[in-house]
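The values are calculated or read from the model by the stated rules, or taken from the named source; none is laboratory data. Remember, predicted model here, so these are calculated numbers, not experimental data. All Cβ positions, even for glycine, are placed from backbone atoms using ideal geometry, and neighbour counts span all protein chains on display. We work out accessible area using only protein heavy atoms, side chains counted, and drop any ligands, DNA or RNA first. Shrake-Rupley method; radii C 1.70, N 1.55, O 1.52, S 1.80 Å.
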Amino acid sequence: APSLPTTSKMAASVREKQTVALKRMLNFNAPPLKNTAAEPVWKVLIYDRFGQDIISPLLSVKELRDMGITLHLLLHSDRDPIPDVPAIYFVMPTEENIDRICQDLRNQLYESYYLNFISAISRSKLEDIASAALAANAVSQVTKVFDQYLNFITLEDDMFILCHQNKELISYHAINRPDIQDTDMDAIMDTIVDSLFCFFVTLGAVPIIRCPRGNAAEMVAVKLDKKLRENLRDARNSLFTGDSMAAGQFSFQRPLFVLADRNVDMATPLHHTWTYQALIHDVLDFHLNRVMMEEGAGAEPSPAGARPKKKSRKTYDLTAADKFWQKHKGSPFPEVAESVQEELDTYRAQEDEVKRLKSIMGLEGEDEGAISMLSDNTAKLTSAVSSLPELLEKKRLIDLHTNVATAVLDHIKSRKLDVYFEYEEKLMSKSTLDKSLLDIISDPDAGTPEDKMRLFLIYYITTQQAPTESDLEQYKKALLDAGCDLSPLTYIKQWKAFTKMASTPANYGNSGVKPMGLFSRVMNTGSQFVMEGVKNLVLKQHNLPVTRILDNLMEMKSHPETDDYRYFDPKMLRGSESSIPRNKNPFQEAIVFVVGGGNYIEYQNLVDYTKSKQGKKVVYGCSELFNSAQFIKQVRAADCSDMMLL
């Protein structure tokens, strides 16, 4: 593997490492040659849905084409034979995938086959392929079989999820079903551990593992420790030795891996948010860094009698290359609206400049003035024209963010999301409230029934003093009148009773939200965004429970919340289970992983926390990403099953 310059920062982000691994795979598992003028070898890429989800946030179609991928096709689609082209497969080692590969061999679809398995393939399945290749007389065509250990999806430099397909198999609901059998639970834990193992192989580091006791997070920790330990023991086949490690060396210190359980904090996934990325995820359709939007929704009404315009679906990719997105995804929404407006104004000024130069250039060369102006302006125009592609790309990004931010703003205004956000922040930080909860629940203009339910559940989760029966009845009546479905409450009640016995309630820090003055730029009339009536709320940094747990463990602070966390070091020869941490030094790098699912609010909170810590690196991972609506569905489903077994 190529050696990377060792700097004090983590050698490379996991996003870079996973991208490098994919590019290597697409180059027939050889390091891609830099700056050679040679044409790439043309080839086809065959993936399953899992492979597609891993590749799509990291490599664009253009990047695939630059690497010689002329066609990328789903394994289970109807594919025509292309006999003179090599095929690179990137699929999970499942029964049906193996069958289909064997069928491809029999049908002699391609010139040669490079089989890459996302997760390690078992001996018996490998033998199935071998016998199919023999039978099809295609042994020489199966050039290579690789285990890639890439079974996770990286969404940001510092964020990953385990899967997007079949995520219901490892969802919060799946893990917390009261009627779950041990064998099912074991299978879920193995699936999670397989992905986490791939994550650490790709990262090239063996972590120190910390986890709470007595929940799913602990089960994951025990299994992961065992799997890492077994791999390290098997010196000949260990994935953590040799050159691949040298390339991915961390800054001399191993990372801390903190496992948290979703049940430690049930309020945050229900919380209305105020930062750009988290809002997009909450109110729009946002998956794997792609926003799907109905265009023409809420546009001007069509003239009477005309056919209603067909809504077209538009997709926008929010990528690492989009500087505006990278800068503002964690900003409070009003700031985003203001920045989009600013970008738009600068762009218009640049565009006008190009137009002005063009008109000057059109002057006849008779009078002296024009001639001297001409030579002066030629230079200006050439620079303006050379920046034209840049300008067009800028325009595309501005349009993208104008559309996305406008769609978000529509939700904020029609549902009074600023009011919800501010109220919930006060609930979570136990500060006094100026408006009674019942008023908001009963206000027909404030939000959807689901918004009201989320607010009430947060109140119910965070309140120290549970409401009296009569108060609860009053709330329930108001919620029902507002059209709410009360089933999530049943589960949260059980959950609260259960966690009360188990531990102290989560503390959300003193957040506090300060309303600022009106927005200067977006309040003037020429603005794209009509922000009237929306509060300009600014956030104070406060740590959510998951961030606080990480802080205790990373900084080696003693705290009742984390003092009895278990400690695993897969590198220690004897698996002596001790909760006594061996090293007393604070960690520089950490990965937090939430078993049972996570959200962008928690991710953003960790990003903000890390910004305040010089030289520290924190990565956030979760078994799946859900927004409040998806989380409530799972909680509702958990309630529908028999809760008495808790």
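Could you work out what % of the accessible surface of the range 418-465 is carbon and sulfur, using a 1.4 angstrom probe and leaving DNA, RNA and ligands out of the count?
Solvent-exposed carbon and sulfur of the range 418-465 make up 51 percent of the total.
With a 1.4 Å probe and every protein chain kept in, tell me what percent of the accessible surface of the range 14-149 is carbon plus sulfur.
52 percent
Cross-link list Lys329/Lys416; Lys358/Lys395; Lys571/Lys633; Lys311/Lys395; Lys311/Lys358: which exceed 29 angstrom alpha carbon to alpha carbon?
Checking Cα-Cα distances, Lys571/Lys633; Lys311/Lys358 exceed 29 Å.
How much length is gained on full extension from Leu391 to Lys125, taking 0.36 nm per residue of separation minus their Cα-Cα distance?
Length gained, Leu391 through Lys125: 90.5 nm.
Based on the Cβ-Cβ distance of Glu95 and Glu532, what FRET efficiency does E = 1/(1 + (r/R0)^6) give at R0 = 60 Å, to the nearest 0.05?
Result of the calculation: an efficiency of 0.55.
Strictly over 28 Å apart at the Cα level, which of Lys323/Lys613; Lys426/Lys496; Lys493/Lys617 would you flag in this model?
The answer is Lys493/Lys617.
Taking R0 as 45 Å, what's the FRET efficiency between Met556 and Val139 from their Cβ-Cβ distance, rounded to 0.05?
Efficiency, from the Cβ-Cβ distance: 0.20.
Run the reach check for Lys327 against aspartates and glutamates, Cα to Cα strictly under 12 Å, same-chain hits fewer than 8 apart removed. What comes back?
Glu335
For the pair Asn585 and Asp84, what calculated FRET efficiency results from E = 1/(1 + (r/R0)^6), where r is the Cβ-Cβ distance and R0 = 45 Å, to the nearest 0.05?
0.20
Taking the Cβ of Lys125 as the centre, find all other residues whose Cβ is under 11 Å away and add up their charges (Lys, Arg: +1; Asp, Glu: -1).
-3
What does the C-alpha gyration tensor say about the overall shape of the range 437-478? Classify as rounded when a/c is under 1.5, otherwise prolate if a/b is larger than b/c, or oblate.
Because a/c hits 1.5 or more and a/b fails to exceed b/c, the range 437-478 counts as oblate.
Quick check: the distance between the Cα centres of the range 178-203 and the range 401-420, to the nearest angstrom?
The range 178-203 and the range 401-420 have Cα centres separated by 38 Å.
With a 10 Å radius around each residue's Cβ, average the other Cβ atoms per peptide and rank 465-478, 46-59, 94-107, highest first.
Per-residue Cβ counts within 10 Å, averaged per peptide and sorted highest first, yield 46-59, 94-107, 465-478.
Rounded, prolate or oblate: which one fits the range 417-502, using the alpha carbon gyration tensor with axes a ≥ b ≥ c (rounded when a/c is under 1.5, else prolate when a/b beats b/c, else oblate)?
oblate
Tell me the per residue accessible area of the range 14-149 using a 1.4 Å probe; a whole number in Å² is fine.
With the other protein chains kept in place, the range 14-149 gives 50 Å² per residue.
Net charge around Arg415, counting only other residues with Cβ within less than 15 Å of its Cβ (Lys, Arg = +1; Asp, Glu = -1)?
Local charge sum for Arg415: -4.
Report the net charge of residues surrounding Leu284, where surrounding means a beta-carbon distance below 14 angstrom and charges are Lys +1, Arg +1, Asp -1, Glu -1.
-1
Just subtract the alpha-carbon distance of Ala321 and Glu230 from 0.36 nm times their residue separation and send over the number in nm, one decimal.
28.8 nm
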